[in-house]
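*Asks:* I am attaching a structure below and will ask some questions about it afterwards.
The values are calculated or read from the model by the stated rules, or taken from the named source; none is laboratory data. Small disclaimer: the values here were computed from a predicted structure and weren't measured. Please note: Cβ atoms are built from the backbone with ideal geometry, for glycine as well, and neighbour counts cover all protein chains shown.
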Amino acid sequence: MDSMNIYDAISRFSIDTKGFAEGWRFSPDSSIGAFLPEIVLCLTIVAMLVARLFRTGDRIDRWLAGWIGGTGFLIALAGSVIALGLAAPWRHLSSGAPGVADPGSAARMEIFTGLLVYDTFAVYMRGILLLFAVLFLVLTRLTSIPDREDASDIYSLLLGATLGMCLMTSANHLLIVFLAVEMASVPSYALAGLLKGRRASSEAALKYSIFGAAAAGIMLYGISLVAGITNTVHLPSLAAALADLDLPSLIESGQGASRILALTVGGLMLTVGLAFKLSAVPFHFWCPDVFEGASAEIGAFLSVASKAAALALVVRLTLGLGFIPSGTEPFDKPIRPGDRSMAAARSDGASSAGSLFSVSDAPRPHADPPAGSIAERMAAERSAANARLAPVRGFLARLFAFLAIITCTFGNLAAYGQTNIKRLLAYSTIAHAGYMMMAIPAIAALAHESPSGAESAVAGLAIYVLVYLFMNLGAFAVVAFLRNEIRSEQIADYAGLIRRAPMTVICLSIMLFSLVGLPPLAGFIGKFAIFAAVARAYVETSSGYLLVLLVVGSVNTFLSLFYYIRVVKCMTMEPEPDHRAPFRMPVLPGAFVFLLTLPTALLIVGWNGIWEAALRAAAFLVR
């Protein structure tokens, strides 16, 4: 490493650790400040493991583990909420126009030398993951799913998986993409085998880990192919390197076929790892068996948190490969007051893509953008480079449109024949992964042609993820509570439940109808936002595959109604079996389900505020 690189690394390190010198106050120039919620999760894991050294009895150990884990999640969630309201990049938004940044605002900040990115989308998705983690921890306490001696282990795994998922939402580097996916996946393998002594649970964990290992290997090989062709693993630099290849000219001239083939294969292999996390067809085989063999609580975790993090990562990669944001060298030269000496050191005309293993030289917040004709010329060059990325965006849009079509169609059709409620919800999860993936083609199609349309598509996906949290967690929570009461997870054993637990049946019915997308429930808001984004993309681009995507999504929504209604019909209209022992739903579990049902039923009341918040979350992704 030469002296300039050493000085560059030292200067960046001093900026990244600026939060220590400022007494842990949040600073826009501090990587530590932006990363505080994740640091809290790390410290909570350490506290959980240290507490295990002091054995004080199984009951106290279980209580202490839950208390430590809950405190850590709540502190991290509080930090995210504060960041969302006070320190998030959208504090620079113009008061009159949500989604439009003031000139010179620090809307997007790379932290830890470009490995991660801090923006409103990362803050929003991280907040959703931490909110889910808090609710999930409450659910496990109510169902008493961890054994007393295993409580600290279970909550440590939960914290580790959540930390990996938070990293997935802000990954800005292909190596971090892989590490974050594995950090989220490995604890999940152990969580799937949570029920000790049950063959089905052990088999679920084994299947999950085998499929996960295969997907990870394929994904890593795909990353190596993409990195080898572009000579970089930094996402904004990847897009710049792909633009330098001038793919439209290569395709038209027929030259560089081997390079295009390697990029295509690498992109497909990279997609395999993401499709595994999304349980997208044909990489869904693990999902029904794992959901059936694992506890309902773990099914909720894999269904909601894993999907939310994977979708955020797909958005990052889609825009990272197919769109060059403002502030990316050499189209802009972002400089912070503390970065001017580093900029001088980089003024020797180095390539924008950089070295494969070098730290990022690209987008960082800056004080004053270039003015006048220089800024206009840079904007024109960036627009031309984004135009050269049209083949990349087209490939990604068609790939995810195809995956979305086959995923939601297969998930809905396979759900019809299920007799186990967890397997039915597993196929429902697969179908909803397809619905949510429909936003990706719209984002890719509109990123260059209509940035505001692409932001609306991201906002629609953000709303869907928030809605999905409440309705799917609520459905799995009801399954877990009923399992403890009737000792069964077969749909036939739900017959006549309306007579024993009317409020629980009503809440579950609302959740299921919301999963269909019936108005005025929250599920309708999510699907409407996604379908509206696809429709807008079709109107603005006239691409036939988007119309097919919209039609298939609408037809699948209609098809899904029938297998959800079958469960509701069984609970409300069929006679109660004679062998069922009398039971009464406890107060706290009933209250928990009711609290999850309220947002599902009433979220439409605050539609305008929710949409504005989602737009703000997407405000700086396509800028």
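*Asks:* So the check is Cβ under 8 Å with 6+ separation or different chains; which pairs have a first residue in region 589-606 that's without any contact (Cβ under 8 Å) to a residue 24 or more places away in the chain and surrounded by fewer than 23 Cβ atoms within 10 Å (Cβ to Cβ) and a second one that's hydroxyl-bearing (Ser, Thr, Tyr) and outside any helix (DSSP H, G or I)?
*Replies:* Here the result reads none, with nothing in region 589-606 linked to a residue that is hydroxyl-bearing (Ser, Thr, Tyr) and outside any helix (DSSP H, G or I).
*Asks:* Any chance you could count how many residues in region 432-451 are over 19 Å from Ala312 (Cβ atoms) and either hydroxyl-bearing (Ser, Thr, Tyr) or modelled with pLDDT of 95 or more (or both)?
*Replies:* Going through region 432-451 one residue at a time, the tally reaches 1.
*Asks:* Examine region 584-602 for a residue that is touching a Ser or Thr at 6+ places or on another chain (Cβ under 7 Å), of a type in the set (Gly, Ala, Ser), modelled with pLDDT of 85 or more and on the phi < 0 side of the Ramachandran plot, and state whether such a residue exists.
*Replies:* Pass one, region 584-602, residues touching a Ser or Thr at 6+ places or on another chain (Cβ under 7 Å): 585, 590, 593, 600.
Okay, now just the ones that are also of a type in the set (Gly, Ala, Ser), so 590.
Now narrow it down to the ones that are modelled with pLDDT of 85 or more: 590.
Then drop every residue that is not on the phi < 0 side of the Ramachandran plot, which leaves 590.
Scanning region 584-602 turns up at least one residue that is touching a Ser or Thr at 6+ places or on another chain (Cβ under 7 Å), of a type in the set (Gly, Ala, Ser), modelled with pLDDT of 85 or more and on the phi < 0 side of the Ramachandran plot.
*Asks:* Can you give me the number of residues within region 171-202 that are crowded, with 17+ Cβ neighbours inside 10 Å and more than 27 Å from Met125 (Cβ to Cβ)?
*Replies:* Here the count works out to 3.
*Asks:* If you don't mind, there's one more thing I want to ask. Yes or no: region 471-489 includes at least one residue that is crowded, with 19+ Cβ neighbours inside 10 Å, of a type in the set (A, V, I, L, M), under 26 Å from Leu550 (Cβ atoms) and in contact (Cβ under 8 Å) with a residue 60 or more places away in the chain.
*Replies:* Checked against the condition, which is being crowded, with 19+ Cβ neighbours inside 10 Å, of a type in the set (A, V, I, L, M), under 26 Å from Leu550 (Cβ atoms) and in contact (Cβ under 8 Å) with a residue 60 or more places away in the chain, region 471-489 yields at least one hit.
*Asks:* Hey, can you tell me all the residues within region 177-226 that are of a type outside the set (Lys, Arg), in contact (Cβ under 8 Å) with a residue 24 or more places away in the chain and outside any helix (DSSP H, G or I)?
*Replies:* Gly193, Leu194, Leu195
*Asks:* What pairs come up if the first residue lies in region 546-573 and is more than 20 Å from Met511 (Cα to Cα), the second is among the basic types (Lys, Arg) and surrounded by fewer than 19 Cβ atoms within 10 Å (Cβ to Cβ), and their beta carbons are under 7 Å apart, counting only those six or more places apart or on different chains?
*Replies:* none
*Asks:* Can we say Ala457 is outside any loop (DSSP other than H, G, I, E, B) and under 21 Å from Arg126 (Cβ atoms)? Quick ask: steps written out before the conclusion?
*Replies:* Working: outside any loop (DSSP other than H, G, I, E, B): yes; under 21 Å from Arg126 (Cβ atoms): yes.
So Ala457 fits the description; yes.
*Asks:* How many residues does region 110-142 hold that are of a type outside the set (A, V, I, L, M, F, W, C) and under 17 Å from Asn472 (Cα atoms)? Steps first, please.
*Replies:* Initially, region 110-142 is screened for residues of a type outside the set (A, V, I, L, M, F, W, C), giving 110, 113-114, 118-120, 124, 126-127, 140-141.
Within this subset, residues satisfying the condition of being under 17 Å from Asn472 (Cα atoms) are 140.
Summing the residues that are of a type outside the set (A, V, I, L, M, F, W, C) and under 17 Å from Asn472 (Cα atoms) in region 110-142 gives 1.
*Asks:* Quick check on my filter: what residues within region 300-316 are over 8 Å from the mean Cα position of the chain (by Cα), farther than 13 Å from Ala280 by Cα and not charged (D, E, K, R)?
*Replies:* Ala300, Phe301, Leu302, Val304, Val315
*Asks:* Okay, moving on. Within region 579-588, which residues are in a helix (DSSP H, G or I) and free of Cβ contacts under 8 Å to residues at least 24 places away in the same chain?
*Replies:* As a first pass, look at region 579-588 and keep what is in a helix (DSSP H, G or I): 587-588.
Of everything in region 579-588, just one residue is in a helix (DSSP H, G or I) and free of Cβ contacts under 8 Å to residues at least 24 places away in the same chain, namely Val587.
*Asks:* Show the residue pairs meeting these rules: Cβ distance below 7 Å; 6+ apart or different chains; first residue within region 107-123 and touching a residue at least 40 places away in the same chain (Cβ under 8 Å); second residue surrounded by 24 or more Cβ atoms within 10 Å (Cβ to Cβ) and among the aromatic types (Phe, Trp, Tyr).
*Replies:* Ala107/Phe620; Arg108/Phe620; Met109/Tyr118; Ile111/Tyr118; Asp119/Phe620; Thr120/Phe620
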